[in-house]
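S.K.: First the structure, then my questions, so here it is.
The values are calculated or read from the model by the stated rules, or taken from the named source; none is laboratory data. These numbers come from a predicted model, not from an experiment. Cβ coordinates were reconstructed from backbone atoms using ideal geometry, including for glycine residues, and neighbour counts include every protein chain displayed. With ligands, DNA and RNA removed, areas are computed over all heavy atoms of the protein, side chains included. Shrake-Rupley method; radii C 1.70, N 1.55, O 1.52, S 1.80 Å.
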Amino acid sequence: MRIRSAAAAVVGALALSALALPTVQAAPADDVQGDTRISDVIVNNGKSIVVGSSGRTSVTVKFTASDPNGISDAGGILYHGTDVNHNDWGVTLPSCGQHLVTTYTCTFTLKSNSDRPFDVTKNAQAGTWKMWAYALGADGDYRFTDPAKTFKVLRATRLTADASPEPVKKGRTITVTGTLTRANWESHKNIGYGSQSVALQFRKAGTTKYVHVKNTRSSSSGSLKTTVTASTDGYYRFAYAGSSTAGSTSAPGDYIDVR
């Protein structure tokens, strides 16, 4: 009981302080007493968390907590760092609360437009994140797991595309220009993303699938420019596959009338 009470006090303090501190602290990273279990951890439906220039977004986290005597509470922390007690930023999940059934799936919702969003503050926080999770049994058993899950948090990217001239004669040169930008979580703006490989794609009029045409590279300011030979009516766009710290994106297609 002494250990369980201490753990509950730590978790309670986190709920009050994590949003105000640059780092978070938690109970032991991996510790277990008794038969309390944590399983089926899912962060953001299994997808990377892509955050725009506001530095805030909505995220849902789920995991199953089980104990033969029921669950008195469960929760966790999403963090960037080596482990939960050596991090440079963390976001505390709300409490799952008491559920006196042997198995319960906890759902934690962080809403971007609330006082409890998923948020980031530094560009260096992009990349691999981890989740520390806890479950407290109604009989005094407990489990702390770190990491319970690893996942990606990425800076959002945007692309534009403009194909010209339009209309154009068949066999003439089409120039496609655009800009690749990514979210800056420190200035809260979208800035040019340079030296990135970007694909030019084409969708023939009357079809639904884009096909690869060629690769080009963004300039230091994020600008893009490449040329192709006009052959048939259709849509040109740029597409970026993403990186270890930036999300993928595609520009809206720009129609070209070939005569």
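S.K.: Pull up the cross-link candidates among the aspartates and glutamates for K111, meaning alpha carbon to alpha carbon under 14 Å and not fewer than 8 places away within one chain.
M.R.: Counting by Cα, and skipping residues close in sequence, K111 has these aspartates and glutamates nearby: D119.
S.K.: Another question, if that's okay. For region 187-229, what class follows from the C-alpha gyration tensor (a ≥ b ≥ c being the square roots of its eigenvalues): rounded when a/c is under 1.5, otherwise prolate if a/b is larger than b/c, else oblate?
M.R.: On the way: a/c = 3.30, a/b = 1.91, b/c = 1.73.
Cα axes put region 187-229 in the prolate bin.
S.K.: What does the accessible area per residue of region 46-201 come to in Å², with a 1.4 Å probe and no ligands, DNA or RNA counted? Write out the running numbers ahead of the final one.
M.R.: Values: 6400 Å² over 156 residues.
I get 41 Å² per residue for region 46-201.
S.K.: What is the P(r) of region 144-259, as percent of Cα-Cα pairs per 5 Å bin from 0?
M.R.: 2, 12, 21, 20, 15, 11, 8, 5, 3, 2, 1, 1, 0, 0
S.K.: Hey, can you rank 186-198, 59-71 by average C-beta count inside 10 Å, highest first?
M.R.: Averaged packing, sorted descending, gives the order 59-71, 186-198.
S.K.: While we're here: Considering every pair of different Cα atoms, what Kirkwood radius, in Å, is found for region 207-259?
M.R.: Numbers: mean 1/r = 0.0771 Å⁻¹.
It is 13.0 Å.
S.K.: Then there is this: Limiting things to C-alpha atoms, what are the Rg and the maximum Cα-Cα separation (Dmax) for region 26-98, in angstroms?
M.R.: 14.1, 45
S.K.: Label region 82-218 by shape, choosing from rounded, prolate and oblate, from the square roots a ≥ b ≥ c of the eigenvalues of the Cα gyration tensor; if a/c is under 1.5 it is rounded, and otherwise prolate applies when a/b is larger than b/c, oblate when it is not.
M.R.: On the way: a/c = 3.44, a/b = 2.51, b/c = 1.37.
Because a/c hits 1.5 or more and a/b exceeds b/c, region 82-218 counts as prolate.
S.K.: Where both partners of a DSSP beta bridge lie in the chain, what percent of those bridges are antiparallel, to the nearest 5? Don't skip to the end; give the middle numbers.
M.R.: Working: 76 of 81 bridges.
In the chain, approximately 95 percent of DSSP beta bridges are antiparallel ones.
S.K.: Once the mean 1/r over all distinct Cα pairs of region 70-149 is inverted, what Kirkwood radius in angstroms do you read off? It would help to have the intermediate numbers written out before the result.
M.R.: Values: mean 1/r = 0.0732 Å⁻¹.
Taking the inverse mean of 1/r over all distinct Cα pairs, region 70-149 comes out at 13.7 Å.
S.K.: For region 108-179, what class follows from the C-alpha gyration tensor (a ≥ b ≥ c being the square roots of its eigenvalues): rounded when a/c is under 1.5, otherwise prolate if a/b is larger than b/c, else oblate?
M.R.: Prolate, since a/c reaches 1.5 and a/b exceeds b/c.
S.K.: Would you mind checking K62/K149; K47/K209; K122/K189; K62/K130; K169/K209; K62/K152 for any pair whose Cα atoms are more than 20 angstrom apart?
M.R.: On the way: K62/K149 11 Å; K47/K209 24 Å; K122/K189 13 Å; K62/K130 14 Å; K169/K209 24 Å; K62/K152 16 Å.
Result: K47/K209; K169/K209 exceed 20 Å.
S.K.: Computed over the Cα atoms, what is the radius of gyration of region 81-124 divided by 2.2 N^0.38 Å, N being its residue count? Walk me through the intermediate numbers first.
M.R.: Working: Rg = 14.1 Å, N = 44, 2.2 N^0.38 = 9.3 Å.
This ratio for region 81-124 stands at 1.52.
S.K.: Quick one: net charge around G192, please, counting Lys, Arg +1 and Asp, Glu -1 for every other residue with C-beta under 12 Å from its C-beta. Before the final figure, lay out each step's value.
M.R.: Values: positive: R158, R182, K189; negative: none.
Value of the local net charge: +3.
S.K.: Give me the percent of Cα-Cα pairs in region 155-198 that sit more than 17 Å apart, rounded to a whole number. Could you put the intermediate results ahead of the total?
M.R.: Values: 446 of 946 pairs.
Across region 155-198, Cα pairs with separations above 17 Å total 47 percent.
S.K.: So for the chain, taking the charge dipole from beta-carbon charges (+1 Lys/Arg, -1 Asp/Glu), which of H86, V168, T109 sits furthest toward the positive end?
M.R.: My answer, from the dipole projection, is V168.
S.K.: Taking every Cα atom in the chain, find the radius of gyration and the maximum pairwise distance Dmax, and write them in Å.
M.R.: For the chain, the Cα-based Rg and Dmax read 24.0, 81 Å.
S.K.: Roughly how many debye, to the nearest 20, is the charge dipole of region 171-248 about its Cα centre, given +1 on each Lys and Arg Cβ, -1 on each Asp and Glu Cβ, and no other charges?
M.R.: On the way: 10 positive and 2 negative charges, 41 e Å.
In total the dipole reaches around 200 debye.
S.K.: How much of the accessible area of region 151-259, probe 1.4 Å, is carbon plus sulfur, in whole percent? Present the calculation step by step, with values, prior to reporting the outcome.
M.R.: On the way: 2500 of 5550 Å².
Here carbon and sulfur together make up 45 percent of the probe-accessible area.
S.K.: Just the number, please: percent antiparallel of the DSSP beta bridges in region 23-164, rounded to the nearest 5. Kindly include the intermediate steps, with their values, before the conclusion.
M.R.: Numbers: 42 of 45 bridges.
The answer is about 95 percent antiparallel.
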